[in-house]
Each structure stands twice: as C-alpha cells, then as structure tokens.
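The values are calculated or read from the model by the stated rules, or taken from the named source; none is laboratory data. Because the structure is a prediction, the values reported are computed rather than measured. Reconstructed Cβ throughout: ideal geometry from the backbone, glycine too, with neighbour counts over all protein chains shown. Just so you know, the surface numbers come from the protein's heavy atoms only, side chains and all, with ligands and any DNA or RNA stripped out. Shrake-Rupley method; radii C 1.70, N 1.55, O 1.52, S 1.80 Å.
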Amino acid sequence: IDEENNDPLILPVIDSHIETKPLLYKEKFSLTSNISVISRDGGEQYRRVTTIPEVNLPVNFKGNLFNFNSKVQGDFYSLENNFKNSYPTNNYNSVQTNYRPEFSASWRIPLLKKMKSSTIIIEPMANFVSSSYRRNFNKIPNEDSNGSELTMSNLFVADRISGFDRNESGERVSYGAKTSL
C-alpha cells in the first residue's frame, strides 16, 4: 500500500458569510457558504459545496430575551475513487446531495445586582433545538467534522460538531445558568 499518495491536497477552500442588518422586526437574514476540494494522487477525490440560508429573530419581552432561528443546510458532493497505487478504503463514487433543516428557540433573562465595588450577574437560560438529515449521511465521507466535544462554551450552541460533513441532529433541550461577579 502506497500511503504517500493518500496525502490530501486541500485547495481551494472558500468560506463566505453574508448577513443583513436588523430589519423591520429586528430579524436578520444570512447566507453561509463553503466550497472545499480535497485531491489525492491515489485515493478519494472530494469536492463539496455547502450553502446555509438562515433567519434569526431576537425578541425582548419585559427583560426576557428570546431568540428564534431557522436554517437549512444544503450540500452537494462530487466524489470519485482514484485508487491507482493503493487499496480502496471506501465505496464513495458518485454525486451525493444532502440537506438538513434546523429550528431552534432560546430564552434567557439576565438578572443584575450592583454593589459598591462589583456586579453579580445570574442568567438562567434554556434552549430547544430540532434538526434532521433528509439523506443517509453514511454515504458521505467525513473529511472535516472529526473533532467534537461537549464543553461549557458550546453547551447552548445549536450544532456542537464543527465542520459541514457531520452535524448534530435530533431534538434536545438544554437548560442552566451563567453567573459572573
């Protein structure tokens, strides 16, 4: 097996994020897109285009901060096996598409207590996330989503898996509180 030919050349990778200013009801529209091409002398040839249109609506109701978000991730893959000098390690050889709708709603209320030399902030919060895959993601290689970890900083994030090939799906509710002094 000639593993040297399996070393990937990742070129180009193009990321884009366009967002509107708050509109009539303070809603924002955004479009995130990514193009990635991974080439190997021997091995899988990977080409992906991803677009994610999104609507975000923040609402302040008597100090309660609500946020409603809806987005759809659309992926187009062009995959090709090119195992000239090595043993095939997968069965990807086609054009694949995938899309993943997601809805999230969150609530928080910052509570402040000012003292002479400091301020105490207690912020109860909760969120609900629902998303699903519309295609079998096992037919798609996982090139960019290999590092996922649940931490304090991503507990209330809608998708805790970085990258585009794999995303967190299903329904979940998170709740807790942030405090600071």
Somewhere in segment 103-119, is a residue open to solvent by 40 Å² or more (accessible area, probe 1.4 Å) and at pLDDT below 90? no
Looking only at segment 149-161, which residues are under 17 Å from Asn98 (Cβ atoms) and part of a loop (DSSP other than H, G, I, E, B)? Asp159
Of the residues in segment 68-96, those that are modelled with pLDDT of 70 or more, more than 30 Å from Ala158 (Cβ to Cβ) and not polar (S, T, N, Q) come to Glu80
When you scan segment 12-60, how many residues do you find that are modelled with pLDDT under 95, of a type in the set (Gly, Ala, Ser) and in contact with a Leu (Cβ under 8 Å, 6 or more places away or on another chain)? 1
Of the conditions (1) under 21 Å from Ser174 (Cβ atoms); (2) at pLDDT 90 or above, Tyr133 clears all except one; give me its number. (2)
